[in-house]
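The values are calculated or read from the model by the stated rules, or taken from the named source; none is laboratory data. Keep in mind the model is a prediction, meaning the values are calculated, not measured. Using ideal geometry, Cβ is built from the backbone for each residue, glycine included, and neighbour counts are taken over all protein chains shown. Heavy atoms of the whole protein, side chains included, go into the accessibility calculation; ligands, DNA and RNA do not. Shrake-Rupley method; radii C 1.70, N 1.55, O 1.52, S 1.80 Å.
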Amino acid sequence: MKALQFCATGDLGALRLAELALPVVGADDVLVQVKAAGLNPSDVKNVLGRFPYTTLPRVPGRDFAGVIVDGPQALVGKEVWGTGKELGFYRDGSHAGYLALPVDGVAFKPKSLSFAQAASLGVPYTTAWEALQRSGVGVDTRLLVIGANGAVGTAAIALAKVLGAKVLAAVRRSEQAQVLQAQGVEVLVLDNPQTLGEQVNEVFEGGAEVIFDTTGHWLPAAVPALHTFGRIAFIAAPLDGHVHLPALALYRKGGTLVGVNTLLYSSRDCAQMLNQFGQYFDQGILPAPGGFQEAALVDGLASYAQVNAGTCTKVVLIP
C-alpha cells in the first residue's frame with residue numbers, strides 16, 4: 001500500500017512516500033481501508049520532532065474515515081471514522097491506504113457525512129467536545145470562544161449551539177467577524193487584551209461563565225472577562241510554554257483552569273466521543289463541515305509543507 005512514512009524527525013524532508021505491506025490485523029483488530037485522512041498541525045509537529053515519545057519508523061496521521069475490510073464478519077463493509085493518541089505516534093497512523101485498529105477504536109461514520117467531511121473532524125471536534133464537556137457547557141451557559149475562526153473554534157461554536165449555550169465568538173480581524181455574523185453568531189473583534197473584560201461584559205453582564213481560549217495567548221486577558229466561579233478551557237500556549245497569569249484575580253473569582261489535550265485519549269476513548277456527538281449530524285442539528293481542501297495522498301509532502309507554513313485551510317488527504 002502507499003503510505004507517508006518518516007524514519008527520522010526534525011525536518012519535513014524526512015517524510016517520504018513509501019510502499020508498505022498491509023498492516024497486520026490482530027484477533028481483536030479491524031483493518032480499515034482509508035478513504036480520507038485529516039491532516040492536523042500535530043501531524044506536522046510530529047514529523048518535526050515535537051513529540052519525544054514517537055517511535056520510528058512511523059506512518060503519521062490521527063484522523064480517518066474509511067471502510068472495514070477485515071475483522072469480525074459482522075463489521076466488514078461498515079463505514080467508520082476515528083482518531084486517537086496512539087495513531088502516528090507509537091502505532092502507524094492514517095496517512096496510508098490501510099489502517100489497523102482495535103475493534104472498539106472505531107465509530108460508525110454518520111451517514112450524512114462524506115468520507116472527506118468525516119475525516120476533517122476528528123481532532124478539532126473531539127478537542128472542542130472535551131473542552132465543552134469538562135468545563136460544564138450546557139443550556140444557557142454563557143460561552144466565549146476565542147479564536148473562533150479556527151478549526152477547533154468552529155467546532156466549539158457548532159457543538160455549543162447543539163448543547164443550548166449562549167455563544168459569543170472572538171476573532172482578530174473584522175473580515176473574520178463578518179463571516180461569523182453572516183452565520184448568525186454574535187462576535188467581538190479582539191484588540192487590546194486589557195479591554196477584553198469590558199468587551200465581554202457589554203454582552204454578558206458579569207462575564208462569561210466559560211471561556212474557551214483556542215490560542216493560549218489570551219489566557220491572562222480572559223480572567224477579567226470571567227464570571228464568578230467561571231471556567232477557562234485552553235488547548236495551546238506560546239512557544240516557550242509560559243504565560244503571566246493574574247492568579248490573584250482568578251482566585252478571587254473562584255475561577256478554574258481546564259487544560260484540554262486530546263493526546264491523552266486513545267482511539268477507544270475518541271470513538272466514544274465520536275459516537276456521542278456524531279448522531280447530531282444525522283439528526284440534522286449539527287451542520288456538515290465544508291471549506292476544507294482535498295489533496296491526493298501521493299502529494300502529501302506538499303500538503304505537510306502547506307500546513308507547516310500556517311495555512312488556515314483544513315487539508316484532507318485522499319489515498
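Here are the numbers for the structure shown:
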item	result
Dipole-positive endmost among G61, Q33, A155 within the chain (Cβ charges, Cα centre)	G61
Accessible surface of the chain, 1.4 Å probe, proportion on carbon and sulfur as whole %	52
Restricting the stretch 1-101 to chymotrypsin sites (Phe, Trp or Tyr not before Pro) in coil, as DSSP defines it, with at most 10 other Cβ within 10 Å	Y53
Formal net charge of residues neighbouring L87 (Cβ-Cβ distance under 11 Å; K, R +1; D, E -1)	0
Unit charges at the beta carbon, dipole of the stretch 247-319: most positive-side option, Y265, V315, A296	Y265
Unsatisfied cross-links (Cα-Cα over 28 Å) in the set K111/K314; K2/K161; K45/K111; K85/K253; K85/K111; K45/K166	K2/K161; K45/K111; K85/K253; K45/K166
Separation between Cα centres of the stretch 10-50 and the stretch 249-319, rounded to whole Å	16
Relative contact order of the chain, defined on C-alpha pairs under 8 angstrom at six or more residues apart (%)	20
Percentage relative contact order, the stretch 67-223, counting C-alpha pairs under 8 Å, at least six apart	18
At least 15 Å along the helix axis (C-alpha) and Kyte average at least -0.5, DSSP helices within the chain	122-134, 151-163
Backbone N under 13 Å from the L22 label point (7 Å along Cα→Cβ), restricted to the stretch 1-15	1-2
DSSP beta bridge pairing in the chain, given as percent antiparallel to the nearest 5	50
